[in-house]
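Novice: Below are the structure tokens for one structure; questions will follow.
Each value in this text was obtained by applying a stated rule to the coordinates, not by laboratory testing. Here the structure is a predicted model, which means the values were calculated and not measured. In this analysis, Cβ positions are derived from the backbone assuming ideal geometry, glycine residues included, and neighbour counts consider all displayed protein chains.
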Amino acid sequence: MSDYAKGLLITLTGVLILSPDVLLIRLAGVPEWTLMFWRGLGMAGMITLWLVVSRGRAALRAFRGVGLAGLAIGLSYTIGNVSFLYSVGHTLAANTLFILATMPVFSALIARFVLGQPVPGRTKATILAVLGGIGLIALGSAGGGQGDLLGDLAAMVTALSWAVIFAIAGQKRSLSMVPAMAIAGAVAACAALLLAPGLAVPATSAPFVALIALVVTPGATALLSLGPRYLPPADVSLIMLLEAVFGPLLVWLVLREFPGAWTLTGGAVVLGALSLNNLAGLRDQRGHRPAGGP
């Protein structure tokens, strides 16, 4: 299997595992901090187990190599986890996932204003279009729709936190995201342990919490951390947009939560603008490949 095919399979599998996340959170119906504890603990435990099984003694060296950057990723992940769970509980699932899809926009803004990197004109146009799409979603929430402005804002905080995570990883290319995300889960679990009203989960919610903590969160996080090793960033971003399609669709089918015209219109603008930008970026990358390359 070629590296490209391997990366495509890894990233697509990660997105498919992640897609029912919002639906499972809704079905679980437990307090945000309680769920955050189990999500973080499950992610830390399962990823650590995977590293130990796959790398043996080298797993310890992988954790040692994370350093302060890994702790910064853990802090950013904790903030993003809190805001994500709040958003899922307070606004439409479609609002949350469409706004989360704007993470590449925040990555571009961080590259420009924090790292001092140039931003292509195409990306600037995409940012304006995406902001317009978010504006339409917010208008629907403010206009008496099912959405909630604070929930929408929390989704933006989540998108920003993940953009920070990938910015740190981009600056520390020797840093493996997989052990870093295990540390991130542990940091999130420790923070939630201090703030959760309780850790007990009702019997009716336990299967959903178990799926989230043991399969969805660690599985999707590990696979999506590996994908960029084999695929160009534009390809990864394009595949990850599928979650913003599958996630709301699952909630719509199971919970009958219709997103509404404003959300669907704004989401179409966001996904359309990001898709066109990613496709253009992919075309440019292929155009710069050396002759005779793969």
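Novice: Which of the helices in the chain meet the span-like rule: DSSP H, Cα axial reach of 24 Å or more, Kyte-Doolittle mean at least -0.5? Provide the component values of the computation, followed by the final result.
Specialist: Values: long enough: 32-55 (33 Å, 0.82); 67-90 (35 Å, 1.02); 121-142 (31 Å, 1.25); 149-171 (33 Å, 1.65); 177-195 (27 Å, 2.26); 261-287 (38 Å, 0.38).
Once both thresholds are applied, what remains is 32-55, 67-90, 121-142, 149-171, 177-195, 261-287.
Novice: Which of Gly140, Gly266, Leu194 sits farthest toward the positive end of the charge dipole of the chain, with +1 on the Cβ of Lys and Arg and -1 on the Cβ of Asp and Glu?
Specialist: Going by the charge dipole, the pick is Leu194.
Novice: Based on Cβ point charges of +1 for Lys and Arg and -1 for Asp and Glu, what charge dipole magnitude is obtained for the chain about its Cα centre, in debye rounded to the nearest 20? Please list the in-between numbers first.
Specialist: Details: 17 positive and 9 negative charges, 206 e Å.
Around 980 debye, computed over the chain.
Novice: Same structure again: Would you mind counting up the charge near Gly140? Only other residues with Cβ under 11 Å from its Cβ, with Lys and Arg at +1 and Asp and Glu at -1. Walk me through the numbers before you get to the answer.
Specialist: Working: positive: none; negative: Asp148, Asp152.
Here the count lands on -2.
Novice: Need one number: nm distance between label points at Arg61 and Leu193, each 7 Å from Cα along Cα→Cβ, rounded to one decimal.
Specialist: 3.0 nm
Novice: Find out how many positive minus negative residues lie around Asn95, taking Lys and Arg as positive, Asp and Glu as negative, among other residues whose Cβ is under 13 Å from that of Asn95. List each step's numbers first, then the result.
Specialist: Working: positive: none; negative: Asp148, Asp152, Glu257.
So the environment of Asn95 carries a net charge of -3.
Novice: Over its Cα atoms, what ratio of radius of gyration to 2.2 N^0.38 Å does the chain give?
Specialist: Working: Rg = 18.7 Å, N = 294, 2.2 N^0.38 = 19.1 Å.
Rg over 2.2 N^0.38 Å, computed on Cα atoms: 0.98.
Novice: While we're here: For segment 1-48 and segment 169-208, what is the separation of their C-alpha centers, rounded to whole Å?
Specialist: Between the Cα centre of segment 1-48 and that of segment 169-208, the gap is 11 Å.
Novice: Identify which of Ala101, Ala261, Ala213 has the largest mean-square fluctuation in a Gaussian network model of the chain, with springs joining Cα atoms closer than 10 Å.
Specialist: Highest fluctuation among the options: Ala261.
Novice: Moving on. 5 Å is the cut-off here: which amide hydrogens, built 1.01 Å from N in the peptide plane, fall below it relative to Lys172, excluding neighbours closer than 5 in sequence?
Specialist: Amide H to amide H, under 5 Å and 5 or more residues apart or across chains, Lys172 pairs with nothing.
Novice: Rounded to the nearest 0.05, what FRET efficiency do Thr204 and Ala268 have when you use their Cβ-Cβ distance and R0 = 30 Å? Could the numbers behind the result be given before it?
Specialist: On the way: r = 36 Å, r/R0 = 1.20.
Taking R0 as 30 Å, the efficiency between Thr204 and Ala268 is 0.25.
Novice: A further question follows. If you take every residue apart from Ser205 with its C-beta less than 14 Å away from the C-beta of Ser205, what net charge results, scoring Lys and Arg +1 and Asp and Glu -1?
Specialist: On the way: positive: Arg26, Arg39; negative: Glu32.
So the environment of Ser205 carries a net charge of +1.
Novice: Still on this structure: First obtain the Kirkwood hydrodynamic radius of segment 208-262 from its Cα pairs, then insert it into the Stokes-Einstein equation at 10 °C and 1.306 mPa s, and state the resulting D in µm² per second as a whole number. Don't skip to the end; give the middle numbers.
Specialist: On the way: Rh = 13.2 Å.
D, rounded to a whole number, is 120 µm²/s.
Novice: I'd like the FRET efficiency for Leu49 and Asp3, computed as 1/(1 + (r/R0)^6) with the beta carbon distance as r and R0 of 25 Å, rounded to 0.05.
Specialist: The calculated FRET efficiency here is 0.45.
Novice: Tell me the mean residue ellipticity at 222 nm calculated for the chain from its helices only (DSSP H runs of n ≥ 4, each -39500 (n - 2.57), averaged over every residue, nearest 500).
Specialist: Numbers: 15 runs with 226 residues, N = 294.
Rounded to the nearest 500, the figure is -25000 deg cm²/dmol.
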